[in-house]
1. Check segment 111-122 and report whether any residue there is at pLDDT below 95, not in a loop (DSSP other than H, G, I, E, B) and not hydrophobic (A, V, I, L, M, F, W, C).
2. Mind counting the residues in segment 128-161 that are touching a Phe, Trp or Tyr at 6+ places or on another chain (Cβ under 9 Å) and either part of a helix (DSSP H, G or I) or among the hydrophobic types (A, V, I, L, M, F, W, C) (or both)?
3. Looking only at segment 162-176, which residues are modelled with pLDDT under 95 and either small (Gly, Ala, Ser) or assigned to a loop (DSSP other than H, G, I, E, B) (or both)?
4. When residues of segment 94-121 are filtered for being surrounded by fewer than 18 Cβ atoms within 10 Å (Cβ to Cβ) and in contact with a Leu (Cβ under 8 Å, 6 or more places away or on another chain), how many remain?
5. So is Gly79 part of a loop (DSSP other than H, G, I, E, B), touching a residue at least 24 places away in the same chain (Cβ under 8 Å) and either under 16 Å from the mean Cα position of the chain (by Cα) or on the phi > 0 side of the Ramachandran plot (or both) or not?
6. Could you name every one of the helices (runs of 4 or more DSSP H) located completely within segment 180-245 that has at least 2 residues being touching a strand residue (DSSP E or B) at 6+ places or on another chain (Cβ under 6 Å) and either crowded, with 16+ Cβ neighbours inside 10 Å or at pLDDT below 95 (or both)?
7. Suppose we keep only residues that are among the polar types (S, T, N, Q) and under 20 Å from the mean Cα position of the chain (by Cα) within segment 36-63. Which one would you say is surrounded by the fewest Cβ atoms within 10 Å (Cβ to Cβ)?
Amino acid sequence: MQRESALSDRLFDLPAVDVRHLKPFEPEALRAPFSTHKPRILVLYGSLRAISYSRLLAEEAGRLLTHFGCEVRFFDPRGLPFPDAEPVSHPKVQELRDLSQWSEGQVWVSPERHGAITGIMKAQIDWIPLSIGAIRPTQGKTLALFQVSGGSQSFNAVNQMRILGRWMRMITIPNQSSVAKAYQEFDEHGRMKPSSYYDRVVDVCEELVKFTYLTRDVSGYLTDRYSERKEDADKLEQRAKPTSI
C-alpha cells in the first residue's frame, strides 16, 4: 500500500509545469455549433505541363468536393516565383497566401519525380508561412494528399507531403491516394476512368469533408497549446517590466 501511495504521489508531482498556464479540459468546447457555410477547400497541384496528370487529378477531386457541398478554389502555380526570389508582395505570392488564409481545408496533389514531390509543389508550400505575426495561416486546417506516378505505385510523394502537413500544423487526414501509371487512368477528355484508384479518390474526398466539418469550428480549441500560452505570458511579462530611465 505504501508503494502504491508513493507512486500515486509521483503521478501528481509536476515540478517542471507552470500550473498557471494549465487549463482544465472542456469537452463542451468540442461541441460547438456547426457553421452553416460550405466548407472552403483550396486545391494545390504540382505540375506546369500542358497535359498534367496532377492537375487532372486535382480537378477530379475538386468535382467530387463540389458535389459533396464544398466551395472549391484552385491555385494556378504558373508565374509563382521561387521562394525568396521575389518579395512576399509579389501578386502570385499574395494570391496563394490569401487563398490559404481563406481555406478551411486543403488538397495537395503532386507528381512523384525522382522519388520526391516536385519543386513546383514544394515552392507553393514554402511560400505559405508557418506564421504571419500572430496568425498561423495553416494551423488547424484539414489536409488531404494525392500523388500521381508514371510507373508502379509509390507513396514517396504523399509521405513527404504528410511530413510537411504536420510541420504546417495541419490536420492531415488518415486516408490518401496514390495513382500509378497515371497516363492510363484518364481518358481523352481528361476525365479519370472508373477503377479502384478512382474509388480511393472518392474515399479521400469524403473523409476530407467529414474531418473539415468535424474540426473547423473547434480548430482554435484543438490547437490551443500550453507551451504557446506560457510563451505569450512570458513575453507579456517582459513587456510589462519597467525599464531603466
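1. Scanning segment 111-122, I find at least one residue that is at pLDDT below 95, not in a loop (DSSP other than H, G, I, E, B) and not hydrophobic (A, V, I, L, M, F, W, C), so the answer is yes.
2. Within segment 128-161, residues that are touching a Phe, Trp or Tyr at 6+ places or on another chain (Cβ under 9 Å) and either part of a helix (DSSP H, G or I) or among the hydrophobic types (A, V, I, L, M, F, W, C) (or both) number 9.
3. Met168, Arg169
4. 1
5. Working: part of a loop (DSSP other than H, G, I, E, B): yes; touching a residue at least 24 places away in the same chain (Cβ under 8 Å): no; either under 16 Å from the mean Cα position of the chain (by Cα) or on the phi > 0 side of the Ramachandran plot (or both): yes.
The answer is no for Gly79.
6. On the way: elements: 196-215, 219-222, 226-240.
Of the helices (runs of 4 or more DSSP H) lying wholly inside segment 180-245, those with at least 2 residues that are touching a strand residue (DSSP E or B) at 6+ places or on another chain (Cβ under 6 Å) and either crowded, with 16+ Cβ neighbours inside 10 Å or at pLDDT below 95 (or both) span 196-215.
7. It comes out as Ser47.
To keep it simple, each residue is scored yes or no on (1) assigned to a loop (DSSP other than H, G, I, E, B); (2) without any contact (Cβ under 8 Å) to a residue 40 or more places away in the chain; (3) more than 27 Å from Glu207 (Cβ to Cβ).
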| site | (1), (2), (3) |
| --- | --- |
| Ala85 | yes, yes, yes |
| Lys92 | no, yes, yes |
| Val109 | no, no, no |
| Gln124 | no, no, no |
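The values are calculated or read from the model by the stated rules, or taken from the named source; none is laboratory data. As the structure is a prediction and not an experimental result, all values here were calculated from the model. Every residue, glycine among them, receives a Cβ derived from its backbone with ideal geometry; neighbour counts consider all protein chains shown.
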